[in-house]
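Working notes for the structure below.
The values are calculated or read from the model by the stated rules, or taken from the named source; none is laboratory data. The model shown is predicted, which means the values in this text are computed figures rather than measured ones. When we count neighbours, we look across all protein chains shown, and the Cβ atoms used for this are built from the backbone with ideal geometry, even at glycine.
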Amino acid sequence: MKKNIVFDLDGTLLDTLEDIAISANFALVSLGFQPQESAKYRYFVGEGVFKLFENIFASNVQTPELIQQAVTLFETHYTKQFNQNTKLYEGVSKMLSFLQKRNFKMAILSNKPDSFTKMCAMKYLRQWKFDVVYGVREGVPRKPHPRGALEISELLHVKPNDCYYLGDTMIDMQTANSAGMIAIGALWGFREENELKEHGAKYLAKTPSEVIKLLAEV
């Protein structure tokens, strides 16, 4: 019986977009650049903070030094205000409670820095039991590399093909498939249906309630 699930964090469990945009724009303005519209961050995020600023900066202005300055400014600012606008998506609370009641083993794997991932989980998700909570850690390649997902399956003592993986971007679908997990695309998150389908979603869910329906027979 497949009673194991790995979640992405941003865009899947938590709507973090506005707080990410605020801190990223703080970094941009501090460095003399124009802020970006919050909606554009839907396409900038998903691959970690360094890649976030690579996606923002035009290739003719970005240097590793500039990006690192932006990352440092972002992280300092985000630490102070990460919880100003962030919230659980509608229906996530019900979904997590259902899965916990059904004795699912639950884990989180994010491309957010590990400290921020744990900080957000502690703030917003502490009423549910997650066996593993991982963000980006030194020495571990970020998603879509399968290593983090495979480490989680080992810690849960389950086979990867007995794990569902719920996420909202192509990075998540690629991660799930490269790790041999069952990819579920969350359509309430940051990206569109076509992206998730094209990158290997086995199932699609418009709402967390549809995830409950999908997993109710497990």
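Tabulated data
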{"quantity": "Tally of residues being under 12 Å from PHE98 (Cα atoms), of a type in the set (Gly, Ala, Ser) and not in a loop (DSSP other than H, G, I, E, B) across the stretch 196-218", "calculated": "1"}
{"quantity": "Condition met for GLU217 (at negative phi, surrounded by fewer than 18 Cβ atoms within 10 Å (Cβ to Cβ) and free of Cβ contacts under 8 Å to residues at least 12 places away in the same chain)", "calculated": "yes"}
{"quantity": "Some residue of the stretch 114-121 being of a type in the set (S, T, N, Q) and over 17 Å from GLY46 (Cα atoms)", "calculated": "no"}
{"quantity": "Pair list, Cβ under 6 Å, 6 or more apart: the stretch 155-177 residue under 16 Å from HIS145 (Cα atoms) and assigned to a helix (DSSP H, G or I), other residue at pLDDT 95 or above and among the acidic types (Asp, Glu)", "calculated": "MET170/GLU195; ASP172/ASP8"}
{"quantity": "Some residue of the stretch 177-195 being over 25 Å from GLU90 (Cα atoms), touching a helix residue (DSSP H, G or I) at 6+ places or on another chain (Cβ under 7 Å) and surrounded by fewer than 18 Cβ atoms within 10 Å (Cβ to Cβ)", "calculated": "yes"}
{"quantity": "Any hit, the stretch 179-193, residues being assigned to a helix (DSSP H, G or I), under 18 Å from the mean Cα position of the chain (by Cα) and over 19 Å from ILE108 (Cα atoms)", "calculated": "yes"}
{"quantity": "Residue ranges of helices (runs of 4 or more DSSP H) in the stretch 15-132 with at least 3 members at pLDDT 95 or above and surrounded by fewer than 20 Cβ atoms within 10 Å (Cβ to Cβ)", "calculated": "17-30, 64-81, 92-101, 114-124"}
